[in-house]
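Below is one structure, written out as structure tokens; the observations come after it.
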Amino acid sequence: MTTFSKSASFNRRALSFGSPRVVRKSWVSQWFRVLVMIGSLLSFSLAIGCGSRYVFPGISQAFNGYRTSKLTNSTKSCNISNGRWIPDDSYPMYNASECPFTENGFNCLGNGRKDQAYLKWRWKPNNCDIPRFKVKDILEIFRSKRIVFVGDSMSRTQWESLICLLMTGVEDKTTVYEVNGNKITKRIRFLGVRFSTFNFTIEFFRSVFFVQHGWVPKHGPKRVRSTLKLDKLDEMSNKWVNSDILIFNTGHWWVPGKLFDTGCYFQVGDSLKLGMSIPIAFRTALDTWASWVETMIDKDRTLVFFRTFEPSHWSDQTRRVCNVTQQPILETKGREHSIFSDTIMEVVKNMTVPVNVLQITMLSAYRSDAHVGFWSDSPTVPDCSHWCLPGLPDIWNEILLSHLL
């Protein structure tokens, strides 16, 4: 500032005497002032830019492509859930029989399904496109990372799908293995697959309710055999922290058949909540989950996702009649609505930690053709809840990966 004041004073004296030589000095001084100002602005911008990498690390990650979604040809308000299924012969993206991490019960082609039209569909949002990813790019993005799925068997299906998708880009398949040598099965609460060449793991934790499932308190009613402790997160939750990408999903076990019919009721603190409805209990459990996320998750490291509820397509309320179609249906018949998905949206919007909601309820509601049906490892038991692999869960993962490209 002192330099500018002296220069201004000098210029005034020069102009008053009218000397050509002094006027020339005035012209030089003006240019000097301009250059100093430009230099100061550049220095200030550089300081702000460098400082933001430390003060706002999340912003730096966003510009590095880690926290931004590249939904091509999109508008700012593009809604993934609004769209249509269109035929696409470039699918499927892998062969389940060649992927050692596909559960036998989900390999429909391997279990005798003859029609293959259900494999040839791509989800097209109305106002944007979901980018087709390059496997090599995702392998590099995941390098030295820890990816964690938490949820029920639907979450495990998505976990298997992602592993099989990425396996197609690995030359030496023996470098990919389950960390404990376990076979992929629903009976194990933890499964982890390591891609050793790229130094990352994709893990699955079976936690169907997120909260603790315990024995009934003393002097409880005879009909109560166990309880869900809605105010206490799963004992395994300490193993979910320190992950780089964390994907949650729950919903299918929050039904009377899995709860009240088995003698499982709700508990908060030491108090049994025998009259509490499932929707209220679900909201209470999600509030407990949200509090845990805000307390335990480092938002500058961990990218959190929550996938919404995926509907079933049973033909009756007894869940015994399963009619798998050969093409997506045209009418969702109310399956696009889910109190679980609505509750997820309500809870997430009030959180301080950013959570990316993967809205797959609507697009999945059309896919009555994509269920396991009678092509599981137990063909006498129909299944209109779980999904074939390859199939619909691959699309869920395309949406997930679009946030990382």
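The values are calculated or read from the model by the stated rules, or taken from the named source; none is laboratory data. Keep in mind it's a predicted model, so treat the numbers as computed, not measured. Quick reminder, even Gly has a Cβ in these numbers, built from the backbone with ideal geometry, and neighbours come from all protein chains shown. Note: accessible area is taken over every heavy atom of the protein model, side chains too, but ligands, DNA and RNA are not part of it. Shrake-Rupley method; radii C 1.70, N 1.55, O 1.52, S 1.80 Å.
Side notes on the structure shown:
- Hits in segment 334-361 (condition: of a type in the set (Lys, Arg) and touching a residue at least 12 places away in the same chain (Cβ under 8 Å)): Arg335
- Counting residues in segment 227-234 that are within 23 Å of Ser341 (Cα to Cα), basic (Lys, Arg) and at pLDDT 95 or above gives one or more.
- Qualifying residue in segment 139-147 (condition: farther than 23 Å from Asp244 by Cα and modelled with pLDDT of 95 or more): no
- Listed conditions (1) under 25 Å from Ile130 (Cα atoms); (2) touching a Cys at 6+ places or on another chain (Cβ under 7 Å) are all met by Gly373, apart from (1).
- Residue within segment 319-342 that is more than 19 Å from Ser155 (Cβ to Cβ), modelled with pLDDT of 95 or more, open to solvent by 40 Å² or more (accessible area, probe 1.4 Å) and acidic (Asp, Glu) present: yes
- Flag for Pro256 being open to solvent by 60 Å² or more (accessible area, probe 1.4 Å) and part of a loop (DSSP other than H, G, I, E, B): yes
- Single residue of Glu398, Glu331, Glu336 found to be within 30 Å of Pro87 (Cα to Cα), touching a helix residue (DSSP H, G or I) at 6+ places or on another chain (Cβ under 8 Å) and charged (D, E, K, R): Glu336
- Segment 229-252, subset over 15 Å from Phe190 (Cβ atoms) and among the acidic types (Asp, Glu), residue farthest from the chain's Cα centre (by Cα): Asp231
- The one condition in (1) assigned to a loop (DSSP other than H, G, I, E, B); (2) in contact with an Asp or Glu (Cβ under 9 Å, 6 or more places away or on another chain) that Trp123 fails to fulfil: (1)
- The listed residues are Asp270, Asp244, Asp298, and the only one of them that is open to solvent by 30 Å² or more (accessible area, probe 1.4 Å) and modelled with pLDDT of 95 or more turns out to be Asp298.
- Selected residue (only one of Pro390, Pro379 is closer than 14 Å to Gly105 by Cα, open to solvent by 10 Å² or more (accessible area, probe 1.4 Å) and either of a type in the set (D, E, K, R) or in a loop (DSSP other than H, G, I, E, B) (or both)): Pro379
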